[in-house]
Amino acid sequence: MQTKASNPKNSMTKKAVPPLIEAFFEFSHLKQLYRQGWLKRGVPPERCESVAEHSLGVAILALWLSRTCFPELDITKVLCMALLHDFGEIYTGDLIPSDAVSADEKHLREKQSIQQVLGKLPQGEHYLDIWEEFEQGETLEAQFIHQIDRLEMGFQAGIYGLQGLIDPQEFFQTTDQALFDPRLKVLFTELLDIIGTSKKEPENR
């Protein structure tokens, strides 16, 4: 698993560290963990998005869209879910289909990871419940964030496509298959219209 550096927690020398500080050091590894799918498609490390950057993009889209188009959603839960949904990757890494890890095994590994990080916090059980709700994908908020997770990937693919770093079509197809809410499909169609009419030339890497 390619990263910018090892987990910051590994650099701690004190044995007794306050839980919040330890958890933040662990979270900070997501700033160093590349989104592996982009690397596999040839995006150079110096241009590659981190998992933390992806999570921020998901949170921003979730904030804007939930306020303007999805008033039925609990926005506090939506934002919490968006920020926490990739915390399981702190210790498992960003597993992608080519890693050949089953969905059940992936869930188990990520659950152990997130319990290790969030279980030590005073409100840890609440955060764990939010993450598990996302994983189960049964509530309106969880279904929304699952779609936004893919929509953000589609947006980022469009950015890389315009920069000449990848052919985004594979990621556009995956995004399209994941979206079932017509409000999100309209937005994605608008993105495709923009990308389709924009001139894409390779940038100097």
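A short reminder: the numbers here are calculations on the coordinates, not readings from a lab. The structure displayed is predicted, hence computed values, not measured ones. Every residue, glycine among them, receives a Cβ derived from its backbone with ideal geometry; neighbour counts consider all protein chains shown.
Data overview
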read-out	value
Dipole magnitude (debye, nearest 20) for the stretch 30-98, charges at Cβ of Lys, Arg, Asp, Glu	160
The chain - convex hull of the alpha-carbon atoms, volume per residue in Å³	122
R0 of 30 Å, Cβ-Cβ distance I96-L20: FRET efficiency to nearest 0.05	0.45
Label-point gap, in nm, between R41 and T13 - each point 7 angstrom along Cα→Cβ	4.3
Theoretical FRET efficiency, 1/(1+(r/R0)^6), r = Cβ-Cβ of K120 and S6, R0 30 Å, to 0.05	0.90
For the stretch 12-43 versus the stretch 141-182, the gap between their alpha-carbon centres in whole angstrom	24
Peptides ranked, highest mean first, by Cβ atoms within 10 Å: ranges 73-86, 141-154	141-154, 73-86
Full-stretch length increase - R183, Q32 - with 0.36 nm per residue and alpha-carbon distance subtracted	51.0 nm
Unit charges on C-beta of K, R, D, E only; dipole of the stretch 18-149, Debye	480
